[in-house]
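Laboratory data are not the source of any read-out in this text; all were calculated from the coordinates shown. Everything numeric in this text was worked out from a predicted model, so none of it was measured. Every residue, glycine among them, receives a Cβ derived from its backbone with ideal geometry; neighbour counts consider all protein chains shown.
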Amino acid sequence: MSTTLQTHDAGKIRTLTFNRPEKKNAFTQEMYEAATEALRTAEVDPAIHVVVLTGAGAAFTAGNDIGDFVRNPATGEHAPPLLFLKALVDQSKPVVAAVDGVAVGIGTTLLLHCDYVVASDRARFSMPFINLGLCPEGASSLLLPRQAGMALASELLLFGEPFDAATALRAGLINRVVPAAQLTEVVAERAQALAAKPVEALRVSKSLLREPLRAEVNAALRKEGIEFVKRLHSDEARETLMAFLNRKK
């Protein structure tokens, strides 16, 4: 069992908690693998009707742990981050996210595949791929322009700068902003409301919402994945990633 991902089932709800608060819940390969497995088992468990994603402490996730990422670079479509995203895309049950503190990189793009997202008023988002010599992932190059409009999507992806919860709301990344003290309560209420719905009607409704874009989303995941791996092994990305690690040290 992974200690960096906590899985808790209560009633019809499975809560996955990214659990590296000392690292702002930055993802390691182990965390990706544990999260993928938890999503896959939730998918086939008839007792689970809703999945909740959250982070321990005052952060959602700082994205990839760069040190771990450099030591274990993605090499293809079976890389743990891509398998995690695919498991999230394939999840037929509603996924609710509670975002507090930072949501960096994949911590922001994964929200595009959630069905209801609540953020605290102190949440801060960013997709800094370009600053690391990389490119968009998580089908964000497809979905973000559709949800945010091309102008805002270009601004967020090409500059890679942090943005606040109000901008995330305007971009269609989240559904609601609440005071940090109310985040847990609001997310629990919304998750319970979904869990109380007729389960098959809930599944079919999500499928009808998501299915028209599924082929395009899967194609974007594959295309972005190919380009991401190319970028990751480029001199430009190696230099920026090493510079980032040296600054951290």
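Here the condition is being in contact (Cβ under 8 Å) with a residue 24 or more places away in the chain and over 17 Å from Leu112 (Cα atoms); of Gly63, Gly67, it holds for Gly67 alone. Of all residue pairs spaced 6 or more apart or on separate chains, those with beta-carbon atoms under 9 Å, a first member in region 79-95 that is in contact (Cβ under 8 Å) with a residue 60 or more places away in the chain and in a loop (DSSP other than H, G, I, E, B) and a second member that is crowded, with 22+ Cβ neighbours inside 10 Å and basic (Lys, Arg) are Lys93/Arg14. Does Ala59 satisfy the condition of being surrounded by fewer than 22 Cβ atoms within 10 Å (Cβ to Cβ) and either on the phi > 0 side of the Ramachandran plot or part of a loop (DSSP other than H, G, I, E, B) (or both)? Answer is no for this residue.
The residues of region 165-196 that are of a type outside the set (A, V, I, L, M, F, W, C), outside any helix (DSSP H, G or I) and surrounded by 15 or more Cβ atoms within 10 Å (Cβ to Cβ), listed by number, are Gly172, Asn175.
Scanning region 20-37 for residues that are within 19 Å of Arg203 (Cβ to Cβ) and in contact with a Leu (Cβ under 7 Å, 6 or more places away or on another chain) turns up nothing. Among the residues of region 104-147, those that are among the aliphatic types (A, V, I, L, M) and in a helix (DSSP H, G or I) comprise Ile106, Leu110, Leu111, Leu112, Ile130, Leu132, Leu142, Leu143, Leu144. Taking the criterion of being assigned to a helix (DSSP H, G or I) and of a type in the set (D, E, K, R), the residues of region 1-46 that qualify are Glu22, Lys23, Glu30, Glu33, Glu37, Arg40, Glu43.
The set of residues from region 130-159 being touching a Phe, Trp or Tyr at 6+ places or on another chain (Cβ under 8 Å), free of Cβ contacts under 8 Å to residues at least 60 places away in the same chain and more than 29 Å from Gln182 (Cα to Cα) comprises Ile130, Leu157. Filtering region 40-59 to residues that are in contact with a Lys or Arg (Cβ under 9 Å, 6 or more places away or on another chain) and under 16 Å from Ala10 (Cα atoms) leaves Thr41, Ala42, Glu43, Asp45, Ala47, Ile48, His49, Val50, Val51, Val52.
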